[in-house]
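A.B. asks: Can you read through this structure? Questions will come right after.
The values are calculated or read from the model by the stated rules, or taken from the named source; none is laboratory data. Keep in mind the model is a prediction, meaning the values are calculated, not measured. All Cβ positions, even for glycine, are placed from backbone atoms using ideal geometry, and neighbour counts span all protein chains on display. Side chains are part of the model used for accessible areas, which takes the heavy atoms of the whole protein and leaves out ligands, DNA and RNA. Shrake-Rupley method; radii C 1.70, N 1.55, O 1.52, S 1.80 Å.
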Amino acid sequence: IFAFTIVVVLRQVTALLDNASLNRRLALSNATLEVRTELLSERLMQEQNAANVDFLTGTLSRRAIEAELERLTAPLSPDRLALGGVDLDGLKVINDRDGHAVGDQMLRLVGMALSMDGAIVGRIGGDEFVLVAGNLAQEATIAEMATRLIEIVGRPCRAGDELVKVAA
């Protein structure tokens, strides 16, 4: 009976040690999964952000602008929402004459300048931007905004060592 008791006790001790080892491995596996899940979540957020932001100008992408339009048109009446397009004239000349690095810098500068007016700005094509402004009370406000945007885009900008200018 004594030998049987020792065998039973040894089996229980072995089982406890095995359980402790399994618990440690399980805890390590859970911690690893939590870290991987967090990394995947961060990467997903980065990819979603990349899909919503134009990589060159930092403005919204076409897809993000479409989503913003849907969001803004739901609660607002059409007379309180302004949608404007800016097509840059002269960018091809800058790219051909000064190189694409200067043209890209010009696109970044125009994107920043347009964003400063408080509108939602997106780049929808090579040299095309769209602006969305909500809560505009009067047509005069829309006309003033359009005039300001044409003036902002038409200002000469320093891109690298060059002073360049496009028109809208």
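A.B. asks: Can you tell me which residue within region 78-98, out of those that are under 16 Å from residue 149 (Cα atoms) and open to solvent by 40 Å² or more (accessible area, probe 1.4 Å), is modelled with the lowest pLDDT?
C.D. replies: 83
A.B. asks: Hey, can you tell me all the residues within region 21-77 that are in a helix (DSSP H, G or I), open to solvent by less than 100 Å² (accessible area, probe 1.4 Å), touching a helix residue (DSSP H, G or I) at 6+ places or on another chain (Cβ under 9 Å) and of a type outside the set (A, V, I, L, M, F, W, C)?
C.D. replies: The answer is 52, and nothing else.
A.B. asks: Step by step: first the residues of region 130-168, then only those that are under 18 Å from residue 120 (Cα atoms) and among the β-branched types (Val, Ile, Thr), then the one that is modelled with the lowest pLDDT. Which residue is that?
C.D. replies: Checking each candidate, the answer is 141.
A.B. asks: Answer yes or no as to whether residue 85 is under 21 Å from the mean Cα position of the chain (by Cα) and at positive phi.
C.D. replies: no
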